[in-house]
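In what follows, a structure is listed as structure tokens, so that the remarks can point back to it.
The values are calculated or read from the model by the stated rules, or taken from the named source; none is laboratory data. From a predicted model like this one, the values you see are computed outputs, not experimental measurements. Note: ideal-geometry Cβ built from the backbone for every residue, glycine included; neighbour counts use all protein chains shown. When the accessible area is computed, the model is the full protein with side chains, heavy atoms only, and any ligands, DNA or RNA have been set aside. Shrake-Rupley method; radii C 1.70, N 1.55, O 1.52, S 1.80 Å.
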Amino acid sequence: SFQRRTFSGHKHRSLVKPMMVVGTDGYILSVLGPYLSDGKNNDASILKSMMKSNAEEMLNWLQEGDLFIVDRGFRDSLEMLENLGFRAEMPDYLGKGQKQHTTEEANHSRLVTKVRWVVESANGRIKKWKALDQVMPNSQLHCAGDHTRIVCAICNAYRPPFVSTVDDAELAQKLKALVRKSNNLQVKVLDEKLATKRAVWKKMEEELLEDFPKLSDSQLRDLTLGVYQLKQAKSYTQEHLSSEGKYEFTVHKEEPGLIRVRIQSRHSSSKSYLLWVSYNTDQDEDCITGWYCQCKAGARTVGCCAHIASVLWYLGYQRHCSDALVAGSDPAELFLNAADDDWDSDEDDEASE
């Protein structure tokens with residue numbers, strides 16, 4: 001019975017779940033549980049239980065109008081939070097039959113993740129203790145909650161806050177301004193059917209694209225509004241380097257400052273996306289004027305997706321560096337591939353002979 005009630009259908013293994021309440025600076029406000037992890041103890045059910053029982057007198061130190069930043073696992077608890085007088089924000093879901101978030105949905109989701117990353121970082125910080133990062137024997141389960149609370153108290157006392165800069169207000173104002181901005185390049189691509197028209201595009205070698213602006217590291221961070229996409233840019237770029245060590249991209253024949261790139265999805269080998277980047281050829285301050293990608297989050301104007309970031313990073317920064325980037329080695333080459341041994345095709349050849 002205990003094994004069934006601690007089996008997580010999401011993680012596909014047995015576990016117990018502490019629930020942490022984390023402030024926007026990464027300070028751990030409360031640690032509750034651990035809870036069971038069967039289907040009746042999902043994140044939304046746990047939050048409802050916390051509020052209903054007023055665990056650790058939370059309702060006494062929470063104030064009406066406080067904002068809860070949650071992930072999609074808490075979707076069934078949003079109505080309860082609103083009834084208690086709190087506000088809640090969660091990343092958007094794709095609607096039925098919807099392949100891509102609208103610009104408004106993508107921007108809203110980016111605002112949520114921009115604030116909520118401290119929660120994931122706080123969880124990662126406590127897992128640096130081996131006792132909480134490894135499988136715990138059943139004989140120690142009775143003290144799992146105490147161990148978690150002790151580690152969280154140590155983090156609060158001796159580790160620096162995740163957010164300590166004085167530029168947060170300025171960044172917040174920038175995000176609020178960008179969230180109201182429409183994606184004009186997306187409108188242009190859809191109206192002029194630039195995804196299907198082939199005659200207006202021509203392949204271009206990177207050396208001939210001299211008018212693409214050089215971008216500094218700070219400029220890239222301003223465009224991506226974070227480092228997550230830039231961390232992925234190198235691996236994305238290495239995969240898309242051709243045998244000659246160059247990106248394969250096309251430029252618009254009639255409109256300077258507009259390029260198109262096809263990029264492979266990192267999740268599915270059968271899926272790829274087209275992306276577009278527009279820029280000023282005059283090399284002024286607003287050198288990158290727009291972007292649009294066909295991926296789920298590619299229409300947002302608050303930052304950009306990792307596909308766009310990889311193109312900006314390579315064309316605007318990496319190719320001007322002294323250390324040339326070469327195609328990376330594929331770890332899959334270290335392993336055998338059973339699909340290479342096609343016995344059925346050999347039998348068919350013998351039958352035909």
When only residues in segment 216-234 that are closer than 22 Å to ALA177 by Cα and among the hydrophobic types (A, V, I, L, M, F, W, C) count, which is nearest to the chain's Cα centre (by Cα)?
VAL227
Just name the residue that is most open to solvent (accessible area, probe 1.4 Å) out of those in segment 97-131 that are β-branched (Val, Ile, Thr) and farther than 16 Å from CYS305 by Cβ.
VAL115
Subset of segment 168-191 that is surrounded by 13 or more Cβ atoms within 10 Å (Cβ to Cβ) and in a loop (DSSP other than H, G, I, E, B) - its residue that is modelled with the highest pLDDT:
ASN183
Output the residues belonging to segment 1-14 that are within 26 Å of the chain's Cα centre (by Cα) and loosely packed, with under 15 Cβ neighbours inside 10 Å.
GLY9, HIS10, LYS11, HIS12, ARG13
With without any contact (Cβ under 8 Å) to a residue 40 or more places away in the chain and farther than 30 Å from LYS17 by Cα as the only criterion, which of ALA195, ALA169, ALA131, ALA157 stands out?
ALA169
Looking at the structure I just gave you, is ASP38 closer than 17 Å to VAL115 by Cβ and either touching a residue at least 40 places away in the same chain (Cβ under 8 Å) or of a type in the set (D, E, K, R) (or both)?
no
Six or more apart or on different chains, Cβ atoms under 6 Å: show the pairs whose first residue is in segment 250-274 and closer than 15 Å to GLY298 by Cβ and whose second is open to solvent by 50 Å² or more (accessible area, probe 1.4 Å) and not acidic (Asp, Glu).
SER265/LYS271; SER272/ARG262; TYR273/GLN294; LEU274/ARG262; LEU274/GLN294
Examine segment 142-151 for a residue that is of a type in the set (A, V, I, L, M, F, W, C), open to solvent by 60 Å² or more (accessible area, probe 1.4 Å) and under 25 Å from the mean Cα position of the chain (by Cα), and state whether such a residue exists.
no
Tell me, yes or no, whether segment 12-19 has at least one residue that is among the hydroxyl-bearing types (Ser, Thr, Tyr), modelled with pLDDT under 95, touching a helix residue (DSSP H, G or I) at 6+ places or on another chain (Cβ under 9 Å) and part of a strand (DSSP E or B).
yes
For segment 29-89, which helices (runs of 4 or more DSSP H) that fit wholly inside it have 2 or more residues that are buried (at least 18 other Cβ atoms within 10 Å of the Cβ)?
43-52, 78-83
Looking only at residues in segment 15-27 that are under 22 Å from the mean Cα position of the chain (by Cα) and more than 21 Å from MET51 (Cβ to Cβ), which one is surrounded by the most Cβ atoms within 10 Å (Cβ to Cβ)?
GLY26
Exactly one of (1) free of Cβ contacts under 8 Å to residues at least 24 places away in the same chain; (2) part of a helix (DSSP H, G or I); (3) open to solvent by less than 60 Å² (accessible area, probe 1.4 Å) is unmet by MET136. Its number?
(2)
Which numbered condition ASN107 fails, given (1) over 25 Å from LEU223 (Cα atoms); (2) outside any loop (DSSP other than H, G, I, E, B)
(1)
